[in-house]
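A short worksheet on the structure shown next.
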Amino acid sequence: MSGFFANELNALLRRLRDDLDELLSRRVAGHLHDRYEGKAGEFRHAIREYEGTDEHGRQQIAASARDAERSSHTVEDGPRPVAAAHHDGGTDSPIDTTIRRLESELGIRTDAQRALEARLFIDRKFLDIALVSGQPRPEILFGKAEWAGHLEARLAARKFGRRPLTVDFMQDLHRRFQMHTDNPEWGGVLTDGRGKGWGVPTKPLNADEIAAIEGNPLLSYVPPPFEVGEYGLVMEPRHAGQEGARWFRELDRPLTDSEKAAIDRDPLLAFVSGPVVREHGIIIYPRFHDFRTELHSVADWYNNATRGPGYDAYGVAAELQRRLVSIHPWLMGDSGRWSRQAMNWSLERDGLRPAALNEFNKDLYSSLPDYTRSVREGSHQYGQWESRIRSAPEIDPVTAFGLDRLKQRYIEVDGEPAPFTPGNFHNANRYEQLLEQLNR
C-alpha cells in the first residue's frame with residue numbers, strides 16, 4: 001500500500017479510536033450506552049488488528065470500521081452507527097428484498113431511474129466515476145443499509161406532502177436513515193451537547209469558503225493547523241452564557257474532578273481530551289440547551305416564510321437546508337443527508353423537482369445567494385434528466401446523464417473497472433481530482 005493511503009487510513013483509525021471514548025463519556029440513555037459498549041469492542045479489536053498487521057494485511061480493513069468517513073465536505077468528529085447490512089450479500093438477502101420493495105413504491109424500475117434517484121444521495125465525484133467505470137449497482141456505494149434508509153426517507157417525505165413542517169417530521173426523516181442499520185434506535189436521537197461537536201475539512205479551504213463559514217452565525221472556523229496539547233480543551237459559547245456558536249479554550253493544566261463535573265452539568269460546555277491535531281482546521285457546530293426547541297424555531301420560520309404567496313421556493317428550501325445542517329442536531333451523524341432530504345421535500349412540496357447538486361459541500365461553503373443558485377440549477381438539471389429518462393426508461397445511465405465522453409476518457413487513462421467496494425471508505429479528494437482530470 002502506498003504511503004499516501006496508509007497515512008490516510010492511520011488518520012481515520014485514530015479518529016475512530018478517539019470517537020469511541022467521546023461517545024462513551026456522553027450522558028446517553030443506558031440501552032444506547034450498552035449497545036455502543038459492544039460495538040466499541042469491535043472497533044478497538046479492528047484497530048488493533050490493523051495496527052498490528054504487515055503491509056499486506058493492512059489492505060483488509062475490518063467491516064466494522066467502514067462507516068467512518070462519508071461526509072462530502074467534513075469528517076464529522078463523532079461516531080456513526082455501524083451497519084452489518086453493508087455486506088454485499090446475494091440479491092435474495094433481506095436487505096435486497098427491502099430495497100426492491102422501496103424502489104417499486106417510488107416507481108423506480110430501471111437502471112436509469114435508479115441512477116437518477118441516486119443523484120440525490122451520492123456525490124457527483126463518486127457517482128459519475130461509478131457509472132463510467134461499469135460499477136455494478138452504483139446506488140449502494142455507501143452501503144445497502146444507507147440506500148434503503150434514503151429510500152425510506154424519500155417515501156416518508158412524499159407521504160408527508162404539503163403539511164406544515166414539524167419537528168416530529170424532521171425526527172422521522174432522521175429515523176428513516178437509520179432503520180436498516182444495526183442501531184436503528186439511534187435514529188432521531190437529539191444530541192445532548194456533549195462531545196466535540198465539530199467537523200474536519202477534508203482539504204484546505206479557499207478564501208470564499210472560509211468567508212461563507214465565518215458569515216454563518218451558528219458556525220466557527222478554526223484555521224489550520226489546529227493543534228491542542230496533552231491537557232485538551234473546553235468547548236464553550238462564543239459569547240459567554242449564550243446558546244449557539246461556540247469557540248474553544250485550550251487547557252494548560254489538567255482539570256480537577258469538580259471542574260469536570262461542572263462542565264458535565266452545562267450542556268453548552270464540553271471537555272475534549274488532548275492531544276488533538278487537525279491538519280485542515282475545524283468547523284465548530286453550535287450548542288443549545290434544548291435542540292428540539294431550536295428545531296421548533298426553524299419550523300416556525302419555515303412555516304411563516306411559506307404561508308403567503310410570492311416567496312422564492314428555491315431560496316426558502318436552500319435556507320432550510322443550511323439552517324438544519326448548521327445546527328447539526330443529531331447524536332449520530334447524517335445531518336447532511338437528512339437536511340438535503342428536508343430541502344428536497346420543500347422543493348417537491350412547492351411543485352418543483354428535487355435538486356441534484358453537483359457539490360454537496362456548497363451548503364456550508366457558499367453564501368446563501370450562491371447556494372440558492374446551486375439548488376435552482378440542480379433542480380432544473382434533475383428535471384431535464386427526468387424528462388429524458390421518462391421518454392426512454394431503458395436508456396443507458398451513461399447516455400442519460402451525458403457521460404459518454406467521460407466514459408471514453410476513463411477508458412483512455414486505463415481507469416480501474418468498478419473501483420468501489422460498497423460500504424467501504426471512499427476517498428473524496430481522490431475521486432474529485434480524478435473527475436477534474438477526466439473533464440479537462
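Round to the nearest 0.05 the FRET efficiency obtained for Glu416 and Asn439 when R0 = 30 Å and r is the Cβ-Cβ distance. About 0.95, to the nearest 0.05.
The listed peptides 224-236, 162-174, ordered by packing as a protection proxy, come out as 162-174, 224-236 (highest mean of other Cβ atoms within 10 Å first).
Using a probe of 1.4 angstrom and keeping all protein chains present, the accessible surface of segment 87-213 works out to 35 square angstrom per residue.
The spread of Cα positions in segment 106-217, taken along each principal axis and listed from longest to shortest, comes to 43, 36, 31 Å. Can you give me the % of accessible surface on segment 112-219 that is carbon or sulfur? Probe 1.4 Å, all protein chains present, nothing else counted. The computed percentage sits at 53.
In this structure, the pairs whose alpha-carbon distance is over 31 Å, taken from Lys144/Lys196; Lys196/Lys407; Lys144/Lys203, are Lys196/Lys407. On a per residue basis, segment 263-361 carries 34 Å² of accessible surface, using protein heavy atoms and a 1.4 Å probe.
Residues whose amide H comes within less than 5 Å of that of Asn216, counting only those at least five positions distant or on another chain, are absent (H built at 1.01 Å from N in the peptide plane). Apply the Karplus parameterisation 6.51 cos²θ - 1.76 cosθ + 1.60, with θ equal to phi minus 60°, to every residue of segment 223-230 and state each ³J(HN,Hα) to the nearest whole Hz, in sequence, with x for glycine and proline. Calculated HN-Hα couplings, in order: x, x, x, 9, 9, 10, x, 5 Hz. A full extension of the chain between Asp350 and Ala211 corresponds to an added length of 46.9 nm, given 0.36 nm per residue minus the alpha carbon distance. Here the calculated FRET efficiency for Leu255 and His289, from their Cβ-Cβ distance with R0 = 25 Å, stands at 0.65, rounded to the nearest 0.05. Applying the Karplus relation 6.51 cos²θ - 1.76 cosθ + 1.60 with θ = phi - 60° to segment 384-398 yields 3J(HN,Hα) values of 5, 5, 4, 5, 4, 6, 4, 6, 8, x, 8, 4, 5, x, 4 Hz, where x marks Gly and Pro.
Using a probe radius of 1.4 angstrom, the carbon and sulfur fraction of the accessible surface of segment 227-272 is 47%. Each label point was placed 7 Å from the Cα along the Cα-to-Cβ direction; for Glu279 and Glu377 their separation is 2.9 nm. Per-residue packing, averaged as other Cβ atoms within 10 Å, sorts the ranges 118-125, 259-266 into the order 118-125, 259-266, beginning with the highest.
The values are calculated or read from the model by the stated rules, or taken from the named source; none is laboratory data. Computed from a predicted model, the values in this text were never measured in an experiment. FYI the Cβ positions are ideal-geometry reconstructions off the backbone, even for glycines, and counts take in every protein chain you see. Remember, those area values only see protein heavy atoms, side chains included, never the ligands or the DNA or RNA. Shrake-Rupley method; radii C 1.70, N 1.55, O 1.52, S 1.80 Å.
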